[in-house]
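The values are calculated or read from the model by the stated rules, or taken from the named source; none is laboratory data. From a predicted model like this one, the values you see are computed outputs, not experimental measurements. Note: ideal-geometry Cβ built from the backbone for every residue, glycine included; neighbour counts use all protein chains shown. In case anyone asks, the SASA skips ligands and DNA or RNA and just uses the protein heavy atoms, side chains included. Shrake-Rupley method; radii C 1.70, N 1.55, O 1.52, S 1.80 Å.
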Amino acid sequence: MNTGAPPKRPLLDADRPSGRCGPCVSRRTALGALAAGAAALVAPGRWGLRAAPVRSYELVAEPARRSLLGARPQWWLYNRSLPGPVIEAREGEVVRIAFTNRLPEPTNLHFHGLHIPPQGRADNIYLDIPPGGRFLYEFQLPPGSAGLYWYHPHRHRLVARQMWRGLAGALVVRGPEDAFPALAAFEERIVLLRDVALPEGELSPHGVRDWHKGKEGDWVVANGGIEPVFPVARGGVRLRLVNASNARPLHLARGDGRPLAVAAVDGRLLPRPRMVASYLLPPAGRVDLLVPLGREEEVPLVALRYNRGVPAPRLRNRFLLGLRGEGSGPPLPLPDRLPAPPPPPAPERAPERLALSMFFINGRSYRRERVDVRRRLGEVQLWRVENVGSMDHPFHLHTWPFYVLGSNRRPAPVAGWADTVNLRPGEVLELLVPFVGYTGRTVFHCHVVEHADRGMMGTVEVVEG
Ligand code: C2O
Ligand code: CU
Ligand code: CU
């Protein structure tokens with residue numbers, strides 16, 4: 001177990017002009033000054049960002065033992081916490097994360113779903129932060145980015161094992177929509193869900209077949225606990241869920257048989273709550289559920305069976321979590337409308353076709369130096385993504401959230417904003433992708449992270465128009 005102090009190294013610098021320290025933090029004492037969550041004001045121009053309040057966090061990735069299910073396995077965690085701490089900021093604010101790698105191998109951070117630059121100190125997945133290395137992440141949250149996101153490692157070929165060992169945390173961006181009265185009346189609860197397997201009291205290592213199927217566990221952990229019950233004081237809860245599993249989709253339903261009220265998908269509000277019997281939350285997906293609760297009412301959230309085309313270990317806890325009404329008033333009414341972001345304008349170009357199959361996109365395996373899709377800044381493009389394989393593949397694009405137009409497989413309309421969508425075998429999804437805001441290179445991939453690590457990933461480059 002590696003708990004000792006890491007060798008001190010200078011911060012890595014992705015975009016530092018030569019001869020200047022830039023925003024480097026070189027001493028522990030300087031890091032200590034960055035109290036988590038503290039807001040400060042940055043002088044205009046100093047970091048090349050506008051004057052804005054700064055939210056500062058310190059994240060340390062390190063091995064740590066933590067009890068679960070009667071065992072005390074060795075995890076890899078952010079700040080020794082399962083899940084990692086919630087990073088929280090408002091639209092317009094600057095998020096600054098002093099990151100230290102105390103793992104025995106390289107890693108980095110990815111901010112899943114956030115519309116921020118794909119390079120420099122922001123969502124730069126090409127960084128390689130070595131053991132003992134440190135890096136100062138820094139980015140400004142654009143207007144319209146309010147929503148629920150999450151962070152996890154994205155060092156190519158090491159993602160699956162690092163996530164499986166516990167590295168993941170939620171990131172929430174606040175915006176004007178959070179004050180929408182019919183929504184703000186609900187209490188908020190952010191829950192990160194993930195599956196685990198602890199044979200012999202330790203996290204099971206990846207086996208040969210896990211790379212093919214995607215690794216699944218037989219228990220689902222909710223905010224680091226098994227089957228927690230959350231008290232709800234206010235007559236209803238906005239339950240904001242992240243599926244941080246490597247490969248397991250969560251087929252969510254209410255245990256009392258009543259429909260789920262879906263208010264947001266991948267952190268973006270729908271025009272009105274959508275009532276569904278069950279909701280399939282793919283790996284990396286997020287969903288906001290509205291659950292009104294009367295006094296002493298209890299609502300269990302359960303996982304129904306789901307076949308993603310490969311044999312999977314059966315879940316031992318069908319019951320994921322419970323909600324218990326402890327308010328004094330009646331249950332809250334569901335809002336009849338929500339302040340949803342508008343759909344993008346119509347596409348300008350011939351569609352881009354992407355065929356997904358095991359470890360390949362369009363028959364090609366990921367190569368870092370190859371650009372698979374090149375677009376001009378400002379273009380809105382139609383992407384036709386098809387699953388030509390025999391198992392589900394959840395498709396994800398960095399930096400640019402897309403608008404799902406429809407599917408050949410689902411009778412009900414599925415339209416809406418998202419950044420991760422599940423594709424059944426034979427399914428074709430049409431997505432509108434507005435390449436706005438930032439130029440640069442990043443990736444799209446299958447979010448069964450074992451598949452991505454093995455090459456089921458491609459590169460998109462957006463260039464100046
Ligand atoms: Cu959540 Cu490229 O990943
Ligand atoms: Cu991502
Ligand atoms: Cu896949």
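The table below lists the values:
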{"item": "Among residues of the stretch 398-429, those that are away from ligand 2 (no atom under 16 Å from the Cβ), in contact with a Pro (Cβ under 8 Å, 6 or more places away or on another chain) and of a type in the set (D, E, K, R), counted", "result": "0"}
{"item": "Near pairs, Cβ below 8 angstrom, 6+ apart or cross-chain, from the stretch 151-172 (farther than 16 Å from Val242 by Cβ) to any residue that is of a type in the set (Phe, Trp, Tyr) and more than 16 Å from ligand 3 (Cβ to nearest atom)", "result": "Gln162/Trp76; Arg165/Trp75; Arg165/Trp76"}
{"item": "Pick from the stretch 425-464, criterion assigned to a loop (DSSP other than H, G, I, E, B) and out of contact with any strand residue (DSSP E or B) (no Cβ under 6 Å at 6 or more places or on another chain), ranking: nearest to ligand 1 (Cβ to nearest atom)", "result": "Val448"}
{"item": "The stretch 107-119 - residue that is away from ligand 1 (no atom under 12 Å from the Cβ) and open to solvent by less than 10 Å² (accessible area, probe 1.4 Å) and, of those, farthest from His154 (Cα to Cα)", "result": "Ile116"}
{"item": "Residues being out of contact with any Pro (no Cβ under 8 Å at 6 or more places or on another chain) and within 20 Å of Pro330 (Cβ to Cβ) - total across the stretch 236-280", "result": "5"}
{"item": "Scan of the stretch 107-144 for residues that are more than 19 Å from Arg96 (Cβ to Cβ) and hydroxyl-bearing (Ser, Thr, Tyr), ordered by number", "result": "Tyr126"}
{"item": "Residue count for the stretch 241-272, restricted to those that are in a strand (DSSP E or B) and polar (S, T, N, Q)", "result": "1"}
{"item": "Filter result (in contact (Cβ under 8 Å) with a residue 12 or more places away in the chain, surrounded by fewer than 23 Cβ atoms within 10 Å (Cβ to Cβ) and of a type outside the set (A, V, I, L, M)) within the stretch 283-307", "result": "Pro292, Gly294, Arg295, Glu296, Glu297, Glu298, Pro300, Arg305, Tyr306"}
{"item": "Enumeration of residues in the stretch 118-132 that are β-branched (Val, Ile, Thr) and on the phi > 0 side of the Ramachandran plot", "result": "none"}
{"item": "Test: residue in the stretch 208-224 that is free of Cβ contacts under 8 Å to residues at least 40 places away in the same chain and closer than 22 Å to Ala452 by Cα", "result": "yes"}
{"item": "Filter result for Val371 (among the β-branched types (Val, Ile, Thr), within 16 Å of ligand 2 (Cβ to nearest atom) and either within 13 Å of Thr459 (Cα to Cα) or outside the structural domain of Arg274 (by TED's automatic domain parsing) (or both))", "result": "no"}
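Yes or no, residue by residue, for (1) at pLDDT 95 or above; (2) closer than 22 Å to His396 by Cα; (3) under 22 Å from the mean Cα position of the chain (by Cα):
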position: Arg268; (1), (2), (3): yes, yes, yes
position: Phe319; (1), (2), (3): yes, no, no
position: Pro333; (1), (2), (3): yes, no, no
position: Arg353; (1), (2), (3): no, yes, no
position: Leu356; (1), (2), (3): no, yes, yes
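Every residue, every condition in (1) within 16 Å of ligand 3 (Cβ to nearest atom); (2) modelled with pLDDT of 95 or more; (3) in a loop (DSSP other than H, G, I, E, B); (4) over 24 Å from Val462 (Cβ atoms), yes or no:
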position	(1), (2), (3), (4)
Thr100	no, yes, no, yes
Ile125	no, yes, yes, no
Trp150	no, yes, no, no
Ala170	no, yes, no, yes
